[in-house]
Structure formats: C-alpha cells, structure tokens
Amino acid sequence: MPKVLFISSFHPHAEGNIGAGEAICGHSLESLLSKGYDVDVIVNAPSRQTAKESVVHQCKSYTILDTNIIKAVLSIFYNFFNFSFLAPWFFSRVNFSVVKLMKKKIEQNDYDFIWLDFPSSLGFSCHIKNKKIIYFAHDIVFQRISRSILKRLFTKLVTFTELFLIRKCDEIFFLSTKDMDLVLPLLRINQKTHIVKDINYKVGVVKDSISAEELVKKFDDNRNAVFFGNMSRPENHWSIVFFIIFHFFRIKDKKLHFWIVGLSPKLSLILLSKLCERIHVTGAVDDPEIIFKKSDFCLVPLLFGAGVKIKVLQMLGAGSYVISTPVGAEGIYESSRLIISEVKYISKKIDDFLSFKKIN
C-alpha cells in the first residue's frame, strides 16, 4: 500500500475559524485516502480551529501541533539560511519541532511522497531530502504581493523565494490555468503540473455562526446584494471599505441593501455600516449558499489578492448572478451569470444589472 506524509498549515475540512482553503485541503486528503493510500498527517494549525473527527479516523495517524505568532517568528529565524526573511509567508509553520517530527516520520516510514498543502507549508521543502515532494499551490503569493500597495516593493524578493521553493518540488497542483501559467516558464523541465477540478468547496462548521435561514428573512422586499468572505483578510476588508465609500452611494437604486457576510469583520467596517441602514455586517453564517440563492446578486469588488476566488465558484454553483472585478473573477470559467467590471465602472454595472432585472 502506498505511503504518504501529508503536511498542512490548517486542518483539512476544519471546524471553527475557517475558510475555503480548508475545503481544498480536505479534498486533497480525501483524494489520497480514496485511492487506498496509507496517510500520516501532520497539521501545524492555529488553535482557533479544530480537526474534523471523521477525517482524523480515516488517516493512519493525525498529529496536531499548534502555532501562534511567537512560534511563527521563531520559524522565520530558524529558516534564515533558506531566505525566510525575504518572504516569511512560506516559513511561518516551518518551526524546529515540526521539522524534527517530519524527519523522524520520514526515517521510520518509506514514504512514496511528501504532500505539502498551503503556501505556508512550502518552506518544508528545504528540509526534505531524497523524497518526492508534491505541493498544492492554493495561490501564487508573489502575484498577491505585487497587488498590495504596502507590500509590492517586495515582489522581486518574494518571487525569487517562491520559485526557489517550488523548484524543489517534483509535482505542483494548481486551481487554475492562470496560476499555473505564472510559474510554468520558470519550472524545471522534469517537474509535473496539474490543474485540479471538481472540488467540493463547501466549508466545514464555523464556530458561533448565525442562521442563514433567519438572516434571509430580513431581506424583505428590498434589493439585496451579498459579499461573502473571511473579513480578517486585508483584501476582503479594504476592498469592501473602498466599495462602500466610493461606489455604493452612487448606485441609483436606493432600495439596494448590501450584506457583508463572513468571519471576523473588523470594528471599522462595523462602524461604517452603522452610518447607513442599507449596509449590514452579519458575521459568519452556517450556510452561505442559502444567502447566495435568496439574494438578487452577489458582489465581489476585490481590488487585490491572488488565486482563484473560491467564493465566486460557490456563488455561481448556487445559481447566483455575480458582479465581480477582474481580480475577483480571474481563473474562473466563463459563465453567463458572471459579470465582470473594472472597479471604476462597477456602480454603473450594478445599475445596468438591476435595470435589466426590472425589465425581465
């Protein structure tokens, strides 16, 4: 029976404080288990999320090591000679304890390959010798950095480090052709690449979530637009703040209510919503698909970020119309329900869509 060591920065199909990445990671693990592989799992995850018991029971072993800010900083110092200071995002989980455990398991087991999931696990590739390494690239970090106003000055350093680490892997899985094409010209000749499709993007149980069924009852007879995402992520928070300040009040239909759904909304966004009764910040919900289906349309006005936006696939999968900026829509298959607009025209695009709905 083939043996695999699966290393992840978050729990596959986690419960608690989670996002779509945990669903992608869960899909990867399930794919290996369904093939009959003997899988040992090492998860170095934050304490705000927990493992899913049904996943744990399927694995040969499932070892959990927690992480925090102090351990993340120590991990970066530990990997100083692997260029960690140029791009710390790839090394925040690669601390001494996890590396020691990983090497011990490799010595004791004749693994067919080592699977690395999430960019923050990519740094482990520096500590793996003479073993096949497979990496799942949830997104391309140097593209995300290049779109950040504050971080774009480090783009060349991050690009160098990310490619240095990726070139240590034997196979790389991507979520889209767009992501693969960003690095493909710079890979080694013998490296294999794959595009992953047909992933079930439904996330696990979110702690302290509210009922989606109860929330949609508040939609009433208004027009309702929905944004969904982890609001602790800067690309989500600042894109929504920018949209509200510079575009929302330019929309002609004053019956349009904007619902911002997702984990950990920041106080500044909550306070902003208090200034307008048509803006609602709800926090996490138990099943966002219900909200997607009941809304008039979903809105993804992202200004920066990288990778395939799982939220867009979830929205389209629910049968919703989605109005998105190019950043939100990149890597997504063409759909008659996906309406792409440059940021500066997005309020007009919303006006046109609402007028079209009235006519039809």
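The values are calculated or read from the model by the stated rules, or taken from the named source; none is laboratory data. In this text the structure is predicted, and so the values were computed from the model without any measurement. Methodologically, a virtual Cβ is constructed for each residue, glycine included, from the backbone with ideal geometry; neighbour enumeration extends over all protein chains shown. Note: areas computed on protein heavy atoms with side chains; ligands, DNA, RNA excluded. Shrake-Rupley method; radii C 1.70, N 1.55, O 1.52, S 1.80 Å.
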Checklist outcome for this item: per DSSP, antiparallel bridges as share of beta bridges in the chain, % nearest 5, sits at 5 percent
Checklist entry - Which whole-number percent is the relative contact order of segment 73-228 (Cα, under 8 Å, 6+ apart)? => result 17 percent
Checklist entry - For the chain, modelled as a GNM with alpha-carbon contacts under 10 angstrom, which of LEU175, LEU299, LEU187 fluctuates the most? => result LEU187
Item to check | Theoretical gain in end-to-end length, ASP351 to GLU30 [0.36 nm per residue, Cα-Cα removed] | outcome: 111.3 nm
Checklist entry - Which value at 222 nm does the chain reach when only helices count, each DSSP H run of 4 or more adding -39,500 (n - 2.57), with the total divided by all residues and rounded to the nearest 500 deg cm²/dmol? => result -10000 deg cm²/dmol
Item to check | Under-5 Å amide H pairs with ILE172, H placed in peptide plane, nonlocal only | outcome: TYR135, LYS192, THR193, HIS194
Next on the checklist: Going by average Cβ density within 10 Å per residue, which order do the peptides 180-186, 311-317 take, highest to lowest?
Outcome noted: 311-317, 180-186
Next on the checklist: Leaving out ligands, DNA and RNA, and with a 1.4 Å probe, what % of the accessible surface on the chain is carbon or sulfur?
Outcome noted: 56 percent
Next on the checklist: Relative contact order for the chain: what percent, with Cα pairs under 8 Å and sequence separation of 6 or more?
Outcome noted: 14 percent
Next on the checklist: So, for segment 120-227, what is the accessible surface per residue at a probe of 1.4 Å, expressed in square angstrom?
Outcome noted: 52 Å²
Checklist outcome for this item: With a Förster distance of 22 angstrom and the Cβ-Cβ distance between ASP253 and SER335, calculated FRET efficiency to the nearest 0.05 equals 0.40
Checklist entry - What is the distance in Å between the Cα centres of segment 299-360 and segment 1-61? => result 31 Å
Item to check | Tilt relative to the chain, helix 346-359 - C-alpha long axis, 0 to 90 degrees, to 10 | outcome: 60 degrees
Item to check | Extension reserve of the ASP170-LYS274 stretch, reckoned as 0.36 nm per residue once the Cα distance is removed | outcome: 32.3 nm
Checklist outcome for this item: Between GLN191 and ASN130, the FRET efficiency computed from the C-beta separation at R0 = 22 Å comes out, to the nearest 0.05, as 0.85
Checklist entry - For segment 213-301, what is the relative contact order in percent, using Cα pairs closer than 8 Å and at least 6 residues apart in sequence? => result 42 percent
Checklist entry - What distance in nm separates the simple spin-label points at GLU53 and PHE77, each placed 7 Å from Cα in the Cβ direction? => result 4.0 nm
Checklist outcome for this item: The helix 155-166 Cα axis meets the longest alpha-carbon principal axis of the chain at an angle in degrees, between 0 and 90 and rounded to 10, of 50 degrees
Item to check | Under-5 Å amide H pairs with VAL281, H placed in peptide plane, nonlocal only | outcome: ILE260
Item to check | Phi-based couplings in Hz for segment 246-263 (Karplus 6.51, -1.76, 1.60; Gly and Pro marked x) | outcome: 9, 10, 4, 6, 8, 5, 5, 6, 7, 8, 6, 9, 10, 10, 9, 10, x, 4
Checklist entry - For TYR62, which sequence-distant residues (separation of 5 or more, or a different chain) have an amide H within less than 5 Å of its own amide H, given hydrogens modelled in the peptide plane? => result VAL41
Next on the checklist: For the pair LEU101/ASP38, report the inter-label distance in nm, with labels modelled 7 Å from Cα in the Cβ direction.
Outcome noted: 2.0 nm
Checklist entry - If you rank HIS257, HIS194 by how much accessible surface each has, with a 1.4 Å probe, what is the order from largest down? => result HIS194, HIS257
